[in-house]
Structure formats: structure tokens, C-alpha cells
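Input: a single structure, listed below in C-alpha cells.
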Amino acid sequence: AAAGLCPYRALLARRGGALRALCGSVRGLAAGPETHFGFQTVTEAERREKIYRVFESVAKKYDVMNDSMTLGIHRVWKDILVHKMNPSPGTLLLDVAGGTGDIAFRFINYVRSVREHQLQRKLRHHQNLSWQEIAESYQEDKSKSLGDSQVVICDINKEMLKVGKQKAQHLGYSEGLSWVLGNAEELPFDDDKFDVYTIAFGIRNVTRIDLALQEAYRVLKPGGRFLCLEFSQVSNSLLSRLYDLYSFQVIPVLGEVIAGDWKSYQYLVESIRRFPPQEEFKAMIEDAGFFKVDYQNLNSGIVAIHSGFKL
Amino acid sequence: GTARLSRAAPRAGDGRSGEEEEVEEEVEEGCYQLYPGHIPTSPLQKALLAAGSAVMALYDPYRHDMVAVLGETTGCLALPNLRDKMKHHPEGYRILQERPRIRLSTLDMDRLRGLPDGTLGREYVRFLEDNKVSPDTRMPPKFVDDEELAYVIQRYREVHDLMHTLLGMPTNMLGEVVVKWFEAVQTGLPMCVLGAAFGPVRLSARKLQVLATELVPWAIRSGRNASCILNVYYEQRWEQPVESLREEIGIFPPP
């Protein structure tokens, strides 16, 4: 018979009943609190381990896959995030789950261009200076092309950091960047340190989101801003169905063809479905102590930017 | 919460390929797997995989996994055919029952190396060493939705190196194309046909000439003349001389 179709599904669904009950009772005996890995149920420890392995496996093809899956639109989303942040020179940014450096590089570009505008404006006001004085001012400003802005890129996964560092070298980013291995649920930083905390497409993979939000609150200075860019829920039902179709039918295939890794991308689309919707996530951020919490939907909610302030 | 999940959970035929579905209860991973490594896929996904793997295999010939995926997703007619050929042949039937695997852990390499020159075992080991390949690098099947057919395609992959040995072809591009022509005639797998047709595009003109005038006609004639190569229990024939085995199967001597 044509085995290409899925007659086995009906068969297994019927068989599944007894098996499910057995699995359920085995789960009850499993040690540790339970959580999800995509659509599976696992313990928290298992989840952390599985997610680590997912990113270890995808690290080298992470950027290529992002471009393929989103047809390059993820770059626009990240640009919007940094524009929303509107950092001024001198800002200290902590980019958590920053892996391959996309946000960090955009931050550096942004403050550099802001700095250049500042310098140009300064020069225009000082057109009465002598040539010598102008040349001297170039020297001192050159060493501050970033104006003391700094970004700390923190990621739990060594492979992702490795890829990020290589990328930085390849693209010519050297000053103003620091790479730190760390866990969003327990950051290796002191209280009240950073002006801005960003987490782009990372918080979905954190096992205890509440802890990550608390940590974000802790390490931000008073007046500091929390910004999260993450996949969210699509409200429009037609778009939602197309999005589901694309996510579940196309993305794992892209993962297999481009990265040779179906399962990691299957996890990715499942983890997106598992993440709380906009309002619920907003409430979680408020629970961590942030004020003026708001969100902005991009592409009808495929992606949302949540923002909050520590006062 | 659960409301969201049941909206996201697929209805039958929706074709989500997750390894299990979560409605109200939790399901152990692997409940819908037919064999270890199996990834259930919808027809749409298979079509996309077939197209994507074909393009990727052409673009990057080192992506052997893509050739494997192409074979699995397009083999829905050829594989049952092969399985039936095996079932109706005494030796093939035994292979289907016993499910032998050709792996370094199951082969006694020293014994094979010690066999006289010209025997299947000795020449096979020579082939592996000369070309620096190992039988363990064959991809396990993932997208075949039948456990027995998954074995058939696995057997086909593991027997590929023996095909090289019997045909006397090395593992360079030219040799691989010749073997693909032979396999295309023998198995009817679309992946072999595509590989045979498109493989030569990367060959030089001189090689193409040799291919077209001598090697391919020979491969086709042998393929047509030979009995089904999956019906040979190679593991029980290591001592048999290669020439005798060739004659028995019906492969003409290489040019």
C-alpha cells in the first residue's frame, strides 16, 4: 500500500491511549518540577540540557537560518529594537542571550553614528578655531568614537558566543564589546549596573522566565530600561493560520535542508507557540517590578517588543 | 495555558510533524515514531523536503545527507517494489527476516583482510581502505513512514560500497555516477535516476566522453541483466571470488 501517506497516525492514535496513561504515571515519578520543551513535557533540568544542545547544534548556521526562515525580516525587527532603544553615547548595554551579536553590533553602529553627528555639530559651532585646534580635537575625539558606550554580550551557550566573537572579528568590531558566559536566571553581575537590558529571541528559551525578569530588574540602574524582542501571538485569524502552516510545514524542512537539523527547528516553532501572549508577558514583567510596561506588535504580532522601566 | 495549546494542537491531517501531539495529556516522546530516528512528515513536508534536498544536493555535493533525504522522500513507489522483490526471493526474504547490518562493529575486518585476493571480503576491505571510506557513515533513514521500507533503504545504502567493489568503481565523481546509473536501473529509486542524470554536470569533457561511450552503456546493460542486488546475502559470501559473484548476479566485467 502507499506508505507515503499517514495511515499509521490513526492506528497509533488508538494505540496511544493505554500508552499515554502509562507515560503519565511515569511522569509523576519523575524527579524535579515539570516544564515544557516545545510540546513535550520534561523536567526543568532536562529542558535546560536540551535547549543547550539545540543551540550548540545550530550555532554555526544560526544566522543563515534566521535569514532563510524570516526572509531577512529579522534584521528589520532588530533594527527597530535598537531604534526604539535610541541609545546615546555613554550608554552601558547588557544584551542577554546575545549569542551571535546581532543586537550588540547594531547598538555599536547606532551610538557611533550618533557620536559622529554630535562631533559634526560641535565642529560647526567651532568654525572659528584654527586648523591646529581642529586637528587636535580630532585626536581626542577619535579615541572616543563610541563616547564610552559599552555593550556586554551575555549568553549561556559557549558555541553561540564563539560564533559571535568570530563574527565580531570578521566584521571589524573590537572596542566597546565584552563577551560573558552567563545564565539569564542568575546573572554574574552586580546590582544597579546597566542602563539598558535587552533580550532578543532569547527569553523564550529561558526555563524560569520569572527569575530572568527579576535578574533583569536587579542589574539595571534606577531609570534603566528593559527591552525584550520576542515572537508572540498573532491576533488576525487568517494570518495566524498561514503563519502556523508556514511554521510547522516549512521551517523544519528549512532546518533539515540548510542546517541538516530538523529537530532543533521543530523545537523552535513549538517553543514559539508555548510562549505567553503579549498581555500575559506584560503582566509577568510588571510582577518583576517594572513600571510603564508596554508592548509594540510588529507584523501583526508575529513579533512583539516589550518595554519596561526600573524606577 | 491549555486553551492556547489546544488551538495550536493539530487536527489529524493538518500535517504537523511534531513527534507527539499534546492535547490534554502528556505523551511520551517517540510514541508516534515507527523506528528510532523516524520523523513523521506530512505529504506537503515530504514534497518540500524532496525539492529542497534536490536543490541542496546539486548546490553542495558534499551534503550526502541531502542525497539521503531525497531518496527517502521520493522512494514511495520504488521502495515497496524493492521490498516485494526481496520477499519473493529466498535469499532476499531471509535478509528481510534477519535484518543484517553492515557496520564496522559487525564486520570482522581482520578476517576479511586475511582472505585471499579476489574474494569479495578481501576486495571490499581493499576498496574501503583505498578510498578511505567506512560503512558507518551511511545515514539512518528518517522520513520513511514504514518500518520495513526503512530497513530496505538502509540495506540499499549499506550495500552501496559493495556495489562499488563489484563494479570496480572508485569513489570519485565519475565512479559514483557510474554506480548511480547501475543503481538507477536496478532499483528505480528516483534519487538514483536524478543522481545519474545530474551527477555528470560537474565532470570534465574528457570524463564525460568516457562516461557516455563506455561506462554508462556497460552500467545499464549490467543493471538490466543482473538480478536484484538486494537479494544477495553478502555477509555470507565473503569467501566467494568477486568474479564468480559477478557472474552469478549477472554483472558484466568492467571495461
Exercise. Relative to the longest principal axis of chain B, what angle (0 to 90°, nearest 10) does the C-alpha long axis of helix B:216-225 take?
Worked result: 80 degrees
Exercise. Full extension from A:E136 to A:E279: what is 0.36 nm times the residue separation minus their Cα-Cα distance, to one decimal in nm?
Worked result: 46.2 nm
Problem set entry | Shielding by partners, peptide B:38-51 (average Cβ within 10 angstrom, other chains) | 4
For this session: Working from the alpha-carbon coordinates of chain B, get Rg over Rh, Rh being the Kirkwood radius.
Result: 1.03
Problem set entry | Residue-averaged 222 nm ellipticity for the protein assembly as shown, from DSSP H runs of 4+ at -39500 (n - 2.57), nearest 500 | -16500 deg cm²/dmol
Seminar exercise, completed: Counting other chain Cβ atoms within 10 Å of each Cβ in A:36-49 and taking the mean gives 3
Problem set entry | Entries in A:K61/A:K193; A:K50/A:K292; A:K165/B:K132; A:K78/A:K162 that, when Cα-Cα distance is taken, lie over 25 Å | A:K61/A:K193; A:K50/A:K292; A:K165/B:K132
Problem set entry | Mean Cα-pair separation over length for chain B, i.e. relative contact order, pairs under 8 Å, 6 or more apart, % | 20 percent
Problem set entry | Simple Cβ-charge dipole of the protein assembly as shown, Lys/Arg +1 and Asp/Glu -1, about Cα centre, in debye nearest 20 | 1120 debye
For this session: List the residues of the range B:112-152 whose backbone N lies under 20 Å from a point placed 7 Å from the Cα of B:E243 along the Cα-to-Cβ direction.
Result: B:115-127
Seminar exercise, completed: In units of 2.2 N^0.38 Å, the Cα radius of gyration of chain A is 1.17
Exercise. Within straight cross-link reach of B:K142, meaning Cα distance under 16 Å, which aspartates and glutamates are found once same-chain residues fewer than 8 apart are removed?
Worked result: A:E256, A:D261, B:E19, B:E20, B:E29, B:D65, B:E72, B:E158
Exercise. Under a point spin-label approximation (7 Å from Cα along Cα-to-Cβ), what is the B:S227-A:S88 distance to one decimal in nm?
Worked result: 8.7 nm
Problem set entry | Residue order, fewest to most surrounding Cβ atoms within 10 angstrom, among B:H64, A:H306 | B:H64, A:H306
Problem set entry | Candidates A:A184, A:A288, A:A104, ranked by Gaussian network fluctuation over chain A, Cα under 10 Å, top entry | A:A288
For this session: Quick one: dipole size for chain A, taken about the Cα centre, charges +1 on Lys/Arg Cβ and -1 on Asp/Glu Cβ, in debye to the nearest 20.
Result: 840 debye
Problem set entry | Using θ = phi - 60° and Karplus 6.51 cos²θ - 1.76 cosθ + 1.60, couplings along the range B:39-46 (whole Hz; Gly, Pro as x) | 10, x, 9, 7, x, 4, 4, 5
Problem set entry | Cα lying deepest toward the dipole's positive end in chain B, options B:V210, B:V179, B:Y233, charges on Cβ | B:V210
Exercise. Once you average over the residues of A:245-252, how many Cβ atoms of partner chains fall within 10 Å of each Cβ?
Worked result: 5
Exercise. Could you give the Stokes-Einstein D for the protein assembly as shown in µm² per second, using the C-alpha Kirkwood radius, 10 °C, 1.306 mPa s?
Worked result: 58 µm²/s
Seminar exercise, completed: FRET efficiency for A:D190 and A:R121 from the Cβ-Cβ distance with R0 = 35 Å, rounded to 0.05, comes out at 0.50
Exercise. Toward the positive end of the charge dipole of chain A, about the Cα centre and with charges on Cβ (Lys, Arg +1; Asp, Glu -1), which of A:Y138, A:V111, A:M284 goes farthest?
Worked result: A:M284
Seminar exercise, completed: Taking placed amide H atoms and a strict 5 Å upper bound, the residues 5 or more places from A:L298 or on another chain that come that close are A:V303, A:A304, A:I305
Exercise. Taking B:K207 as the anchor, which lysines have their alpha carbon closer than 17 Å to its alpha carbon, excluding any fewer than eight residues away along the same chain?
Worked result: B:K180
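Taken together, the values in this text are just the output of simple stated rules run on the coordinates, not laboratory data. All values derive from a computational prediction rather than experimental measurement. Note that each Cβ is placed from the backbone with ideal geometry, even for glycine, and that neighbours are counted across all protein chains shown.
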